[in-house]
1. Out of all the residues in the range 91-110, which are open to solvent by 80 Å² or more (accessible area, probe 1.4 Å) and in contact (Cβ under 8 Å) with a residue 40 or more places away in the chain?
2. From the list Arg12, Arg56, Arg52, pick out the single residue that is within 17 Å of Lys123 (Cβ to Cβ), under 33 Å from the mean Cα position of the chain (by Cα), among the basic types (Lys, Arg) and open to solvent by 100 Å² or more (accessible area, probe 1.4 Å).
3. When residues of the range 113-140 are filtered for being under 15 Å from Phe94 (Cα atoms) and part of a helix (DSSP H, G or I), how many remain?
4. Among residues belonging to the range 115-131 that are closer than 23 Å to Ile156 by Cα and open to solvent by 10 Å² or more (accessible area, probe 1.4 Å), point out the one that is farthest from ligand 2 (Cβ to nearest atom).
5. Mind listing whichever residues of the range 59-78 are open to solvent by less than 100 Å² (accessible area, probe 1.4 Å) and closer than 28 Å to Leu139 by Cβ?
6. Could you please give the count of residues in the range 79-90 that are open to solvent by 60 Å² or more (accessible area, probe 1.4 Å) and either within 9 Å of ligand 1 (Cβ to nearest atom) or not assigned by TED's automatic domain parsing to the domain that holds Ile187 (or both)?
7. Do we find that Ala136 is within 16 Å of ligand 2 (Cβ to nearest atom) and at negative phi in this structure?
8. Could you give every pair whose Cβ atoms fall below 8 Å, whose first residue belongs to the range 167-180 and is in the same structural domain as Trp207 (by TED's automatic domain parsing) and open to solvent by 70 Å² or more (accessible area, probe 1.4 Å), and whose second residue is part of a loop (DSSP other than H, G, I, E, B) and not polar (S, T, N, Q), counting only separations of at least 6 or pairs across chains?
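The values are calculated or read from the model by the stated rules, or taken from the named source; none is laboratory data. None of these values were measured; they are calculated from a predicted model. A quick note on method: Cβ atoms are made from the backbone with ideal geometry, for glycine too, and the neighbour counts reach across all protein chains shown. Remember, those area values only see protein heavy atoms, side chains included, never the ligands or the DNA or RNA. Shrake-Rupley method; radii C 1.70, N 1.55, O 1.52, S 1.80 Å.
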Amino acid sequence: MSSINSVAHKYRSLCLSGVAEQLEQLLSQAEAHESSYLNFAETLVDHEQKQRNSKRIDQNKRRACFPLLKSLDEFDYRFQTTLSKREINSLLDFGFIDNRNNVVFIGPPGVGKTHLAIGLGLKAIDAGYKVSFNTALSLMETLELAEIKGELKKKINQLAKFDVLIIDELGYLPMNKQWMHNLFQLINVLYEYRSIILTTNKEFTQWGEFFSDGNVAVPIVDRIIHHSHIFILGGESYRLKAKLNN
Ligand code: ADP
Ligand code: MG
């Protein structure tokens, strides 16, 4: 007569670790509910599938490299006069990812741009998409390093494996010529192929000055805003508000 352990071992050897780990509970539940054989067979496969999904989601959350976890549910829309919960919720069918559209949050510091980008990214991962969070600075440094090693194309292709690339806080750091070139290469590959969630403190009309080379700014901006949902956030800094209320 086989023991639970030896059966669990067999499941594990077939890489069905979800069932292997919970075999005892699954068996007692089936006994308690007097499940039919067919029902039990289905329960086992459903359980394995659920465990795999949740493992993949956890893995995707780690791979996203969020600097901290911010949830959309924690976002207080009363502080945002220019943005409604409905507008953000309308993104949560993730049609924007399926259609390779971009989302852009523009606004001054402290109004919740990074919070919204992370919150939206987390929800996308829960829905099964792959997301990568990057500050503009870390992205520029990564691309620069890859370019020096002659591996810019390879790095861009790695980034393009994610369904959504978050680029946080573009507009604060001065861009040199090489960075602009690298960014253009990246945006060019992602255009109509993957989605970008971009946060920036600069209105697009100011991008020419920020890039110091209007010639590159135009095609970059052009590709980002074509097929994009643009949200202009206003109001005071939430950080400042929290400080003043203390
Ligand atoms: P930004 O990226 O626009 O500079 P952040 O997203 O970093 O701003 O927001 C600054 C801080 O204030 C974060 O801790 C964020 O969670 C919080 N915050 C900003 N706006 C809101 C809001 N409407 N509701 C809840 N928290 C907010
Ligand atoms: Mg920010």
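1. Of everything in the range 91-110, those that are open to solvent by 80 Å² or more (accessible area, probe 1.4 Å) and in contact (Cβ under 8 Å) with a residue 40 or more places away in the chain turn out to be Asn99, Arg100.
2. On inspection, the qualifying residue turns out to be Arg56.
3. Count: 11.
4. Gly128
5. Gln59, Asn60, Lys61, Ala64, Cys65, Phe66, Pro67, Leu68, Lys70, Ser71, Leu72, Phe75
6. Quick first cut of the range 79-90, residues open to solvent by 60 Å² or more (accessible area, probe 1.4 Å) only: 79, 81-82, 85-87, 89-90.
Filter once more, so that each one left must be either within 9 Å of ligand 1 (Cβ to nearest atom) or not assigned by TED's automatic domain parsing to the domain that holds Ile187 (or both): 79.
Qualifying residue count for the region: 1.
7. So Ala136 passes the test.
8. Once the first residue is in the same structural domain as Trp207 (by TED's automatic domain parsing) and open to solvent by 70 Å² or more (accessible area, probe 1.4 Å) and sits in the range 167-180, its partners that are part of a loop (DSSP other than H, G, I, E, B) and not polar (S, T, N, Q) give Lys177/Asp213.
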